[in-house]
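Colleague: What follows is a structure written as structure tokens; I'll ask about it next.
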Amino acid sequence: MAIVELNNVSKHYGDKGPGAVEDFNLRTRDGEFIVLVGPSGCGKTTTMRMIAGLEQNTGGDILFNEQEMSGVPAKHRDIAMVFQSYALYPHMSVHDNMAFSLKLKKIDKTEIKQRVEAAAKILGIEHLLDRKPRALSGGQRQRVALGRAIVREPQVFLMDEPLSNLDARLRVEMRAEIVKLHRRLKVTTFYVTHDQVEAMTMGERIVVMNAGHIQQVGTPDELYDSPDNMFVAGFIGTPSMNFIKMRRHGEQLQGTDASLALEPWLKDKVPEGEELWVGIRPEHLRTVDDSRHTREGIRLRGKIEVIEPLGAVSLIQLKTGEHRITTQLEGRPRLALDQELELVSDMSRLHYFGLDERNLTVNAPAAEEAASLQGHQE
Amino acid sequence: MSQSTKPSASRITLGGTLLTLLAYLVAIVMFFPLLWMILTAFKTEQQAMSIVPQFIFTPTWQSFHDAIFQGSAYTHYAWNSLITAVGSTFLGLLLTIPAAYAMAFYPSKRTDFTLVWMVSTKFIPAVGVLIPIFLVFRSSGLLDTRFGLLMLYTSMNMPIMIWMIYSYFKEVPKEIIEAADIDGAGTLQTMLRVILPLALPGLTSTALLVTILAWNESFWSIMITNHNAATLATYIASFRSAEGLYWAKLSAGSVLASAPIIVLGWCAQRQMVRGLTFGAVK
């Protein structure tokens, strides 16, 4: 197990242009589960490959337990990696796939057998040890890939989108398995995914990345409740947060579709006449007859364009003047397409972003209020 | 849907029939010289020289007996052919596997160019480099030696070997190499324990193809060997010059020269097709 530290780590492929990763700073706790999440090309996989030693960082330092790792070959870093494509050796049996690294280390045969069997037992693949990878299903291959990683008893686990080739049901199952495995082994783990649901459900801390830069590092709750900027706000949470552009006029915020009383703490942050973005999560918009809001914030009226019933909840898309707003309502409300619908959100649930897309709400009373309201409802 | 496709699939069209007939015709035209050679090998010299072609005759092994035991010593040439073909294939594999490995997994900016350049050396007619090679061989005492011929065949076949092995290596997913790297394997271990077993069908078909090419090679064998290192190609050519046109004996010699490689090709055809289409469909 290791404390992994990345100090100003960057990766540039050419002399010109922005790097694939820029100024990446992170220090893990021992045995922490860190998820790197972001859209394609955001630099999350490159970051992981630099930690693995499969790519060399062009700037900064990577340390395992205070020991400099930059320049140390992958095979000497004492890590194990699970690849997106599993990368099992097709010509070897499951047993040999798992034992390969131990054989290379010239570990005693009896110990290899013990370790492979122990790992196979944890993952429930004891009956597959003699099979070749081609005779396994996707989920079984995934388990073998995990098994190959855990027999090594490494100080760091790296997992590069390991569930993306599985079907939805199996993905949910394996997600839970990996979390359980981590709790059991307590090895510092880096997990790369583009799926924010995976990130939220698995990570102890999540690193949200975009265009090579860290956007925010925090626990799932921190990212959900207090996103640092509009990118994180839009990326974390399904469906995405709604954004409405408004302008300050005296004690009011006015937009083309709605108006809103100005929070007192915003007065210093937003000068008269300045524009800002108001963010509302779909699940925080309710119909006007729902009495669960304590302090009415924004009121939006529009025509229903799309209804997506998901069973327990329904997603409704409204066209309100120049904005398209998504809301998530409980159950299957009796609504029809083109019907007019009025929605309202509690004041404490609103997020405010400046034109530079940074969150104005962070450390503001509203955020604290939201947190307390969340606690109250639970 | 199935009703409409079923009859059309089994329907014999005029175009299809004509195409099949044409295919048979081409096959017969291509196979006929080989058949005629085999038939002639079993004839007496008189029957072979007959103006009217004879398809029905009493077969005789006499020409085979003469070809093997009379003067020309078939076994000597066959041994040379075997040593140069198999030896050059093994030496070629030893040299080209690391080269192709480096080009496939650690490419430089010039890798593509190097590959094209290597293959382009095959465009030069052999006759164009005959004099330089002859002079080099003469001054280094390699003329009419098995070692000289083996070296020549190896270098001659290296471009095609590198090209083929390179394409098979390129089919191996990069993640597997990286997984081996993380598992603690060095370059040699990765190559021997991971890459070579995976590329085995491709390597086998490369080896077979190159063996056949070396076995069939006649130009250099005739030009730079006399008797000591001469292969079956020289042996066949010797019939014409030294012994006159003894058709039956010449045919028997040709059958003996081509039989081993035809048998090898026949036995390995599945392997070769598998190797040549390796990775064509994911």
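The values are calculated or read from the model by the stated rules, or taken from the named source; none is laboratory data. In this text, all values refer to a predicted model and were calculated from it rather than measured experimentally. Neighbour counts run over all protein chains shown; Cβ positions are idealised from the backbone, glycine included. These area figures cover heavy atoms from the full protein model, side chains too; ligands, DNA and RNA do not enter into them. Shrake-Rupley method; radii C 1.70, N 1.55, O 1.52, S 1.80 Å.
Colleague: If you take just the helices (runs of 4 or more DSSP H) that sit entirely in region B:169-240, which of them hold at least 1 residues that are within 14 Å of chain A (Cβ to nearest Cβ) and more than 17 Å from the chain's Cα centre (by Cα)?
Modeller: B:174-183, B:200-216
Colleague: Checking the conditions here, which among A:Ile214, A:Ile307, A:Ile206, A:Ile236 is more than 27 Å from A:Gln339 (Cβ to Cβ), out of contact with any helix residue (DSSP H, G or I) (no Cβ under 7 Å at 6 or more places or on another chain) and not aromatic (Phe, Trp, Tyr)?
Modeller: Working: A:Ile307 fails: more than 27 Å from A:Gln339 (Cβ to Cβ); A:Ile206 fails: out of contact with any helix residue (DSSP H, G or I) (no Cβ under 7 Å at 6 or more places or on another chain); A:Ile236 fails: out of contact with any helix residue (DSSP H, G or I) (no Cβ under 7 Å at 6 or more places or on another chain).
When all the criteria are applied, what remains is A:Ile214.
Colleague: OK, next. Mind checking whether some residue in region B:141-164 is β-branched (Val, Ile, Thr), assigned to a helix (DSSP H, G or I) and surrounded by fewer than 18 Cβ atoms within 10 Å (Cβ to Cβ)?
Modeller: No, there is no match, as no residue in region B:141-164 is β-branched (Val, Ile, Thr), assigned to a helix (DSSP H, G or I) and surrounded by fewer than 18 Cβ atoms within 10 Å (Cβ to Cβ).
Colleague: Here's something else I'd like to know. Mind listing whichever residues of region A:77-128 are more than 14 Å from chain B (Cβ to nearest Cβ) and touching a residue at least 60 places away in the same chain (Cβ under 8 Å)?
Modeller: A:Ile122 - this is the single residue of region A:77-128 that is more than 14 Å from chain B (Cβ to nearest Cβ) and touching a residue at least 60 places away in the same chain (Cβ under 8 Å).
Colleague: Please state which one of A:Val187, A:Val156 is of a type outside the set (Gly, Ala, Ser) and either open to solvent by 10 Å² or more (accessible area, probe 1.4 Å) or more than 14 Å from chain B (Cβ to nearest Cβ) (or both).
Modeller: Of A:Val187, A:Val156, the one residue that is of a type outside the set (Gly, Ala, Ser) and either open to solvent by 10 Å² or more (accessible area, probe 1.4 Å) or more than 14 Å from chain B (Cβ to nearest Cβ) (or both) is A:Val187.
Colleague: Now, a different point. Among the residues of region A:30-39, is there at least one that is modelled with pLDDT of 95 or more, among the charged types (D, E, K, R) and farther than 24 Å from B:Tyr106 by Cα?
Modeller: Looking through region A:30-39, at least one residue is modelled with pLDDT of 95 or more, among the charged types (D, E, K, R) and farther than 24 Å from B:Tyr106 by Cα.
Colleague: Now a separate question. Using the structure shown, decide if B:Phe134 is more than 14 Å from every other protein chain (Cβ to nearest Cβ), among the aromatic types (Phe, Trp, Tyr) and either free of Cβ contacts under 8 Å to residues at least 40 places away in the same chain or over 30 Å from B:Ile262 (Cα atoms) (or both).
Modeller: Yes.
Colleague: Separate question: Among the residues of region B:35-79, write down those that are aliphatic (A, V, I, L, M) and more than 30 Å from B:Arg146 (Cα to Cα).
Modeller: Across region B:35-79, the qualifying residues are B:Leu35, B:Leu39, B:Ala48, B:Met49, B:Ile51, B:Val52, B:Ile56.
Colleague: Going by the structure shown, is A:Thr256 in contact (Cβ under 8 Å) with a residue 60 or more places away in the chain, buried (at least 20 other Cβ atoms within 10 Å of the Cβ) and in contact with a Gly (Cβ under 9 Å, 6 or more places away or on another chain)?
Modeller: In short, no.
Colleague: Among the listed residues A:Val144, A:Val192, A:Val151, which satisfies the condition of being within 14 Å of chain B (Cβ to nearest Cβ) and in contact with an Asp or Glu (Cβ under 8 Å, 6 or more places away or on another chain)?
Modeller: A:Val192
Colleague: From B:Ile51, B:Ile38, grab the single residue that is assigned to a loop (DSSP other than H, G, I, E, B) and not assigned by TED's automatic domain parsing to the domain that holds B:Glu217.
Modeller: Just one listed residue meets the conditions, B:Ile51.
Colleague: Also, I was wondering about something else. If you take just the strands (runs of 3 or more DSSP E) that sit entirely in region A:178-285, which of them hold at least 2 residues that are in the same structural domain as A:Arg301 (by TED's automatic domain parsing)? So that I can check it myself, show each step before the final result.
Modeller: On the way: elements: A:188-193, A:205-210, A:213-218, A:242-249, A:252-254, A:259-261, A:275-280.
Filter on region A:178-285 gives A:242-249, A:252-254, A:259-261, A:275-280.
Colleague: Another question, then. Are any of the residues in region B:5-16 at pLDDT 85 or above and closer than 27 Å to B:Gly265 by Cα?
Modeller: No - not one qualifying residue is present in region B:5-16.
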